[in-house]
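Presented below is the structure to which this report refers.
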Amino acid sequence: MGPLPYDISGIALLYIEDESEARSMVSKMLAMNYPKLKLYEAENGAVGLELYREHLPEMVMTDINMPVMDGISMSRAIKAINPEASIIAVTAHSDTSYLLNAIEIGIHHYILKPINYQELFSITDKILEQIVLKRLLAEQNRRLVESERQLAGAQRIAHLGSWQLDLPVGSMKWSDELYRIFGIEPGSIPPAYQAFLEKFVPDDRKAVEKAIEDAERSRQPAAAQFCDILRPDGSLRTLQVEVDVILTGAGVPATIIGTSHDVTDLKQAEEKVHILTEELERRVVQRTSLLQASVKELETFSYFVSHDLRAPVARLEGLCRALLEDCGSCGNDGCKVYAERAERVVRQIKQIIDAFNNLSHFATCKLVIEDVDLSAVVRGIASGLQQTEPGREVDFVIARDRMVMGDPRLLHIAMEHLIGNAWKFTSKTAKARIEFGCSELPGTSVYFVRDNGAGFNMKYIDKLFKPFQTIHSPGEYNWNGTAIGLATVHSIILRHGGRIWAEGETGQGATFYFTLEENPEPGKLYGSRVKGEDDL
Amino acid sequence: MAESYIVLIEDNPDDAFLASRIIGKVCTDRIIIARDGEEASELLKIMAEDETYKQIRLVLLDLKLPKVSGIEVLQGIRASAVLQGLPVVVLTSSDNDIDQERCRELDVVDYIFKPMTADRLQRVLSRDKDA
């Protein structure tokens with residue numbers, strides 16, 4: 001016989017026969033014909049039952065008349081263990097009492113002694129086929145149960161109920177989750193179309209009906225958006241109803257299938273997000289107007305300084321000059337000296353006013369954002385400084401190709417102050433060295449300007465970036481009298497969305513670090529004000 | 001030859017004093033002072049009618065004036081068929097670019113930041129003479 005058309009691996013057969021010669025002969029034939037079949041042998045019913053208990057083989061082939069325990073008793077015991085066991089009786093008896101017993105027990109296959117192998121194989125084939133089919137069926141069944149379980153689980157998780165409507169009869173099927181969405185126990189009421197429609201609030205019922213009718217008429221999917229249902233407990237839920245149609249072979253609509261998605265939580269979450277977004281926007285507006293108010297105040301103040309304050313200062317300057325010119329001959333030397341000193345004070349006031357105006361300009365002006373080669377900017381500043389003081393030997397170390405986004409004019413001013421400071425404070429250093437570089441940290445580039453000059457005491461760090469505050473004495477390092485350099489740098493870096501900080505030690509040099517926003521916003525905080533409009 | 005005038009339009013007494021002092025150092029012209037824009041406009045209108053405007057050598061104009069601003073006075077001068085050729089010098093203490101631009105458009109002789117010096121006024125008057 002040829003190989004079986006199905007896989008029998010894993011199937012076992014227990015063979016019980018007290019005549020050892022016959023047993024070994026039959027076993028050999030079975031092993032030859034079914035190489036994949038696992039074979040257990042026993043010489044009587046008792047041993048056979050023992051082996052059965054141990055291995056639970058799918059098939060049993062047994063002699064009837066045996067010592068210790070006969071085949072019928074053993075078969076009864078086996079059937080008690082597993083009613084599904086397939087048992088073949090091998091018998092010389094044509095005794096009807098045996099046969100009736102055997103039938104009663106559930107033995108359905110017989111082979112008469114002496115064994116005809118053709119017959120043995122034919123019966124074995126048939127049983128094996130049944131076993132294999134049963135196995136397949138069980139596997140299919142298991143998968144079906146599993147996927148139904150998964151579907152139900154998925155429906156429950158997704159709050160997605162499904163239903164179908166048989167068109168000719170008008171009968172319906174509802175999934176368990178649909179019942180749950182309706183707020184009732186699965187299977188607790190018959191799934192009727194009218195009951196289905198009545199779950200929806202009257203206003204939305206028509207929309208659902210229309211979707212179903214549309215699908216049937218057009219033979220196309222249809223949907224009803226956000227229909228409310230009323231649960232028995234009085235709560236309202238919002239459903240998204242999707243409908244599709246299944247056609248018969250002849251193209252006639254046979255079944256409407258639909259899903260009902262409970263989107264109440266989604267809608268509520270959406271609503272919450274909406275409310276939060278509105279709240280956030282409201283706060284942004286509030287913050288912005290606060291910010292606008294303080295910027296406006298700053299501008300008003302700076303306008304006051306640049307216009308209203310300049311007039312009396314100019315007046316004072318004129319009076320000092322008049323004093324100098326007209327009182328030279330009054331005989332009192334003090335007059336001239338006082339007038340000269342007063343004029344110097346006036347010049348200082350004017351410098352401070354200019355510095356203040358510059359500072360407030362950087363804080364509020366609109367940025368022109370472009371690609372800026374910071375390395376090239378620094379190189380230009382360095383060579384400019386070297387030209388102004390050709391006698392000084394300063395070792396400049398400038399990192400190459402540091403491209404940033406920013407306002408070229410403002411960034412140039414910032415770098416001018418930083419490099420200029422380094423230049424100024426290394427004027428008394430033997431081997432002066434000024435470095436511009438960049439450290440790449442995760443997500444950000446930190447630029448730095450480092451020198452080995454005078455440095456500063458870290459206890460003054462808080463004063464460093466504040467305008468009109470200095471940590472060096474007047475006259476020391478050509479201090480210009482206004483001390484807004486680092487405050488200007490600070491303001492420019494802030495405008496570019498960055499941060500600036502410094503490290504230093506007296507006599508050991510200073511390092512200024514700063515970051516820049518990759519894509520800074522050019523925007524002024526509010527519409528540009530026309531300078532001098534109050535003059536007109 | 002008839003006496004020539006310098007018209008000083010200035011509201012602040014100290015500034016008026018300082019400007020008069022400088023004018024006195026540079027020339028012997030008679031100084032006529034207007035204390036605000038309105039007064040200046042009326043003064044110039046009268047001088048236009050009685051033709052004394054012809055004796056005006058220079059108008060020194062402060063921009064920040066009560067009532068009528070300096071720019072408006074200047075616009076009035078330039079809009080007048082009679083007065084439009086008057087040499088006007090602006091005196092200011094503000095560094096407003098827009099004001100400067102407008103004054104250039106209105107054809108001022110000079111734009112001087114306060115305090116005015118004798119040298120500066122001298123330069124203006126000599127240029128006026130050359131022209």
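The values are calculated or read from the model by the stated rules, or taken from the named source; none is laboratory data. Every value quoted in this text rests on a predicted model; they were computed, and no experiment measured them. Backbone-built Cβ (ideal geometry, glycine too); neighbour counts: all protein chains shown.
Which count do you get for residues in the stretch B:35-76 that are within 13 Å of chain A (Cβ to nearest Cβ), part of a strand (DSSP E or B) and surrounded by fewer than 22 Cβ atoms within 10 Å (Cβ to Cβ)? Give the steps one after another, and end with the answer.
Let us first name the residues in the stretch B:35-76 that are within 13 Å of chain A (Cβ to nearest Cβ), namely B:37, B:61-75.
If we keep only those that are part of a strand (DSSP E or B) as well, we get B:61-62.
Still in the list and also surrounded by fewer than 22 Cβ atoms within 10 Å (Cβ to Cβ): none.
The qualifying residues number 0.
Of A:PHE456, A:PHE465, A:PHE436, which residue is touching a residue at least 60 places away in the same chain (Cβ under 8 Å) and not assigned by TED's automatic domain parsing to the domain that holds A:ILE353? So that I can check it myself, show each step before the final result.
Details: A:PHE456 fails: touching a residue at least 60 places away in the same chain (Cβ under 8 Å); A:PHE465 fails: touching a residue at least 60 places away in the same chain (Cβ under 8 Å).
From the options A:PHE456, A:PHE465, A:PHE436, the qualifying one is A:PHE436.
Tell me, which helices (runs of 4 or more DSSP H) wholly within the stretch A:1-95 include 3 or more residues that are in contact (Cβ under 8 Å) with a residue 40 or more places away in the chain?
Details: elements: A:20-33, A:45-55, A:71-81.
In the stretch A:1-95, A:20-33 are the helices (runs of 4 or more DSSP H) which contain 3 or more residues that are in contact (Cβ under 8 Å) with a residue 40 or more places away in the chain.
From the residues in the stretch A:326-373 that are more than 14 Å from chain B (Cβ to nearest Cβ), more than 30 Å from A:SER491 (Cβ to Cβ) and surrounded by 15 or more Cβ atoms within 10 Å (Cβ to Cβ), which one is nearest to the chain's Cα centre (by Cα)?
A:TYR338
Within the stretch B:1-18, restricting attention to residues that are more than 14 Å from chain A (Cβ to nearest Cβ) and in a loop (DSSP other than H, G, I, E, B), which residue is nearest to the chain's Cα centre (by Cα)?
Applying the filter and picking the extreme gives B:SER4.
B:ILE32 versus (1) part of a strand (DSSP E or B); (2) touching a Lys or Arg at 6+ places or on another chain (Cβ under 8 Å); (3) away from chain A (no Cβ under 13 Å): which is the lone unmet condition?
Unmet condition: (2).
Any chance the stretch A:468-476 includes a residue that's modelled with pLDDT under 85, away from every other protein chain (no Cβ under 14 Å) and on the phi > 0 side of the Ramachandran plot?
Scanning the stretch A:468-476 turns up at least one residue that is modelled with pLDDT under 85, away from every other protein chain (no Cβ under 14 Å) and on the phi > 0 side of the Ramachandran plot.
Might you check whether a residue that is under 27 Å from A:ARG135 (Cβ atoms), within 60 Å of the chain's Cα centre (by Cα) and of a type in the set (A, V, I, L, M) occurs anywhere in the stretch A:61-70?
Filtering the stretch A:61-70 for residues under 27 Å from A:ARG135 (Cβ atoms) gives A:61-62.
Cutting the leftovers down to within 60 Å of the chain's Cα centre (by Cα) gives us none.
No, the stretch A:61-70 has no match at all.
Determine whether the stretch A:313-325 contains at least one residue that is touching a strand residue (DSSP E or B) at 6+ places or on another chain (Cβ under 9 Å) and within 14 Å of chain B (Cβ to nearest Cβ).
yes
Among A:PRO232, A:PRO202, A:PRO186, A:PRO191, which is surrounded by 17 or more Cβ atoms within 10 Å (Cβ to Cβ) and either closer than 20 Å to A:LEU266 by Cα or at pLDDT 90 or above (or both)?
Every option except A:PRO191 fails the conditions.
Buried (at least 18 other Cβ atoms within 10 Å of the Cβ) and of a type outside the set (A, V, I, L, M), is that true of A:ASP401? Reasoning before the result, please.
On the way: buried (at least 18 other Cβ atoms within 10 Å of the Cβ): no; of a type outside the set (A, V, I, L, M): yes.
No: the conditions fail for A:ASP401.
Condition check: modelled with pLDDT of 90 or more and within 18 Å of A:ILE127 (Cβ to Cβ). Does A:TYR6 satisfy that? Even if it seems obvious, please write down each step before you answer.
Working: modelled with pLDDT of 90 or more: no; within 18 Å of A:ILE127 (Cβ to Cβ): yes.
In short, no.
Can you give me the number of residues within the stretch A:367-397 that are more than 20 Å from A:GLU517 (Cβ to Cβ) and among the hydroxyl-bearing types (Ser, Thr, Tyr)?
Going through the stretch A:367-397, the residues more than 20 Å from A:GLU517 (Cβ to Cβ) turn out to be A:376, A:379-397.
Keeping just the survivors that are among the hydroxyl-bearing types (Ser, Thr, Tyr) gives A:383, A:388.
Adding up the residues that qualify gives 2.
Considering only residues that are away from chain A (no Cβ under 13 Å) and touching a helix residue (DSSP H, G or I) at 6+ places or on another chain (Cβ under 7 Å), look in the stretch B:78-97 and name the one that is surrounded by the most Cβ atoms within 10 Å (Cβ to Cβ).
Applying the filter and picking the extreme gives B:VAL88.
For the stretch B:19-29, how many residues meet the condition of being away from chain A (no Cβ under 14 Å) and touching a residue at least 24 places away in the same chain (Cβ under 8 Å)? Give the derivation first.
Filtering the stretch B:19-29 for residues away from chain A (no Cβ under 14 Å) gives B:27-29.
Next, from what is left, pick out any that are touching a residue at least 24 places away in the same chain (Cβ under 8 Å): B:27, B:29.
So the answer is 2.
Scan the stretch A:434-467 residue by residue and report those that are crowded, with 16+ Cβ neighbours inside 10 Å and of a type in the set (A, V, I, L, M).
If the condition is that a residue be crowded, with 16+ Cβ neighbours inside 10 Å and of a type in the set (A, V, I, L, M), then A:ILE434, A:VAL446, A:VAL449, A:ALA454, A:LEU464 are the ones that fit.
Scan (1) in contact with a strand residue (DSSP E or B) (Cβ under 8 Å, 6 or more places away or on another chain); (2) closer than 17 Å to A:SER171 by Cβ for the single condition A:LEU197 breaks and write down its number.
(1)
Could you tell me which residue of the stretch B:98-115 is farthest from A:ARG310 (Cα to Cα), considering only residues that are β-branched (Val, Ile, Thr) and within 11 Å of chain A (Cβ to nearest Cβ)? Break it down into steps so the answer makes sense when it comes.
Keep residues of the stretch B:98-115 that are β-branched (Val, Ile, Thr), which gives B:98, B:108-109, B:112.
Those still in the list that are within 11 Å of chain A (Cβ to nearest Cβ) too: B:98, B:112.
Values: B:ILE98: 17, B:ILE112: 14 Å.
That would be B:ILE98.
Going through the stretch A:439-450 one residue at a time, which ones are more than 29 Å from the chain's Cα centre (by Cα) and modelled with pLDDT of 95 or more?
A:TYR447, A:PHE448, A:VAL449, A:ARG450 - these are the residues of the stretch A:439-450 that are more than 29 Å from the chain's Cα centre (by Cα) and modelled with pLDDT of 95 or more.
Conditions (1) surrounded by 18 or more Cβ atoms within 10 Å (Cβ to Cβ); (2) at pLDDT 90 or above; (3) of a type in the set (A, V, I, L, M, F, W, C), marked per residue:
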site: A:LEU239; (1), (2), (3): yes, yes, yes
site: A:ILE256; (1), (2), (3): yes, yes, yes
site: A:LYS267; (1), (2), (3): no, no, no
site: A:VAL295; (1), (2), (3): no, no, yes
site: A:LEU298; (1), (2), (3): no, no, yes
site: A:HIS307; (1), (2), (3): yes, no, no
